[in-house]
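> Shown below is the structure under consideration.
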Amino acid sequence: MFSAIISILISVSCLFIGNYIYYHNPHNKLNQVLALFSFFISYMAFTDFQLNYVNTSKEAYFWMKVAFPWMFVASFYIHLALLATEKFQILEKKITYIFIYLPSAVFAILNLVTKEITLGVQMGYWGWTYLPSDSIIYLLTIIWAFLSGIMSAFLILHYYLKSTGTKRQQAKYIFIGIYLPLIMGIVTEILIPSLFSIPSPSMLNLYLTIGLVAIVYGIWKFRLPQLTSPVISDKILSTMSNFLFLLDEEGKIIHVNLKAIELSGYSEEKLLGQTLNFILPLSFEDSSSVPVENLETILTSKKGRKIPVLTSTSLIKTSKNDVLGLVLVGNDISQLKKAEKERNQYREHLEELVEERTKELEQTNRELKKEIIAHEKAEAKLQDSLDEKDILVKEIHHRVKNNLITISSLLNLQSHYITDKKTLNISKESQNRAKSMAMIHERLYRTEIGRKIEFGEYLRSLATELFHTYTLDPEIKLNLELDNVKVDVNSAIPLGLIINELITNSFKYAFPEGKGELTIKFKRLDDSKDDFELAVSDNGVGFPEGVDFRKVDSLGLLLVNNLINQLDGTIELDQSQGTKFTIRFKDSKPY
């Protein structure tokens, strides 16, 4: 019987609290959810009252089933925590409510239609209570309720730690209201019965009510007083920075705010009953039919001080459009007028300075124009000189190219009189070397820059010409993978000779059977502007084993090694699949 009395008191108290919190501010979301939570606890306490009041197990089982949605406490806790911590951007999403309320709804339905959560009822010394199920669903329900309470308490605690003033005080009470029932419920509802096998009456509704009182007290003390319309209106009128006069239909002052009293210097009793002409020289009689906006006038204070003010009026009318009175609102613009005067003085002074500076600038401008004309003439002469030098440089490249072609032609003519095969090969290689250098000078002659050439195009032309010079067998293939990048002439000439020697050696020695592939790759290394890699490889018979290519007597390889040193580069030989020479170098800097 004692438990039943406590339950009915809790039910009535929560019903009263819910109505109280709602009607203090029915438009506030937090108040709405708190009121619903109060009514929910009232409902649960009422079912608990009925459970302890009935005599038969059948009746007790019925009221136990009526209390099927008890796990919605967890959802209310999360919802309240999100509102109290001002997580409005989360609550704007509809999916949030699904995450908050759907698990509780599923568990509630399972509790109503199955015995997976509560098996039945049993009689204790205090009255009837439910028998929990040992199923996984009951465990999930307890975990859901526990994690929801912990998450809610954590949100409030985090908000409390980062808040100040009234928000911090309010968060403290909300934290207590959520955390206290959670801890007490775990101890009395789970730990004590599980650890000591001591049955005890369910006091969860009492704990929830205590927590609810703490939450309501925190919100009432630190939020509700600021939410009532009369308090807000009085605060606005009393603390507003504008002065305000309220007049009746006869034009008599019937109300003033603190700013009007402070500015005029008169007491409220002295101002009440006066017309506006008492302190304002301009007549506002016409404003009884037509409102005035931003009218500048002078307010005369009690001490005779003339205060410039900016005023506006607004009519107060009934629903039948009858005039009840007039509201006049204004601002003290003394500081604005003072600033305006100083601004005008400063503007005049600034205009004088601008005029003086303008004259100085005009003189400077005339001198600059003379200097610009002189610079333009000097620049034109310099450009003519550069153009002339560019023509001369191109002419030098053209002549060097012609001379190299002439040397190559002479070597070609001389080769007709050579009968020794070895000597003939040497002459032919010398012709190719001259041609490789001539091709570079040809590109330098045609380029606009004069010091850099498109090395990919040059390498393609050189390799193709050597291929047609040495290869007559269609079963030998030439593969080219070339990045078209610019290379300085100081690097291009030795590179051209190196490539000439390596390609010539491949065509002469790598394919004795007349078939195979020669591959040439040229690319810029990753994340580098000046580092390049050249690879010349073939799948031929391979470089002789045990022979150091750096110490051979061959003129071609000796030339290659010397040119590599000239480039400050490196060369590596890979004999795993034929012959592959990999050269890495840094492009030369122009002088």
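> How would you rank 141-154, 301-314, highest first, on the average number of other Cβ atoms within 10 Å across their residues?
141-154, 301-314
> Turning to a different aspect of this structure: Take the cross-link list K523/K580; K515/K580; K508/K580; K270/K337; K452/K529; K93/K172 and give me the ones stretching past 19 Å between alpha-carbons.
Violating the 19 Å limit, Cα to Cα: K270/K337; K93/K172.
> Compare I499, I261 by solvent-accessible area with a 1.4 Å probe and give them largest first, with all protein chains kept in place.
My answer, sorted largest first, is I261, I499.
> Just read off the accessible area of R347 with the full protein assembly in place, 1.4 Å probe, to the nearest 10 Å².
The value for R347 is about 120 Å².
> Mind pulling up the Rg/Rh value for region 37-118? Radius of gyration and Kirkwood radius, both on Cα.
Numbers: Rg = 15.4 Å, Rh = 14.2 Å.
Rounded to two decimals, Rg/Rh equals 1.09.
> Run the accessible area of region 290-379 with a 1.4 Å probe and give the carbon-and-sulfur part as a rounded percent.
Reported share for carbon and sulfur atoms: 52 percent.
> Could you do me a favour and compute the accessible area per residue for region 494-590, 1.4 Å probe, result in Å²?
Working: 5050 Å² over 97 residues.
For region 494-590, the solvent-accessible area averages 52 Å² per residue.
> Which three lengths, in whole Å and largest first, does region 286-365 cover when its Cα atoms are put on their principal axes?
Principal-axis extents of the Cα atoms in region 286-365, largest first: 74, 34, 16 Å.
> First compute the accessible area of region 483-536 with a 1.4 Å probe, then give the percent of it belonging to carbon and sulfur atoms.
Accessible surface attributable to carbon and sulfur in region 483-536 totals 42 percent.
> What figure, in Å² to the nearest 10, do you get for the accessible area of H416 with a 1.4 Å probe and non-protein molecules left out?
H416 exposes around 140 Å² with every protein chain in place.
> Tell me, what ³J(HN,Hα) does each residue in region 47-53 have, in order and in whole Hz, if you take phi through Karplus 6.51 cos²θ - 1.76 cosθ + 1.60 with θ = phi - 60° and put x for Gly and Pro?
Coupling constants for region 47-53: 5, 5, 4, 5, 4, 8, 8 Hz.
> Tell me which residues come under 5 Å, amide H to amide H, from I476 once H is placed; ignore anything under 5 positions away on its chain.
Counting only residues 5 or more places away or on other chains, the set is G516.
> Now, a different point. What is the mean projected area of the alpha carbon convex hull for region 1-88, to one decimal in square nanometres?
If I average the Cα hull's projected area over directions, I get 6.0 nm².
> May I ask you to list the aspartates and glutamates whose Cα is less than 17 Å away from that of K94, ignoring any residue fewer than eight positions away on the same chain?
Hits, sequence-local ones excluded: E86.
> Could you estimate the translational diffusion coefficient of region 313-360 from the Stokes-Einstein equation, with Rh from the Kirkwood formula over C-alpha pairs, at 25 °C and 0.890 mPa s, in whole µm²/s? Please list the in-between numbers first.
Values: Rh = 14.8 Å.
Answer, rounded: 166 µm²/s.
> Next question, about the same structure. Straight-line reach only, C-alpha to C-alpha below 27 angstrom: list the lysines that K359 could link to, leaving out same-chain residues fewer than 8 apart.
K359 reaches K369, K370.
The values are calculated or read from the model by the stated rules, or taken from the named source; none is laboratory data. Keep in mind that what you see is a predicted model, and the values were worked out from it rather than measured. Every residue, glycine among them, receives a Cβ derived from its backbone with ideal geometry; neighbour counts consider all protein chains shown. Areas reflect the complete protein model, heavy atoms only, side chains present, ligands, DNA and RNA absent. Shrake-Rupley method; radii C 1.70, N 1.55, O 1.52, S 1.80 Å.
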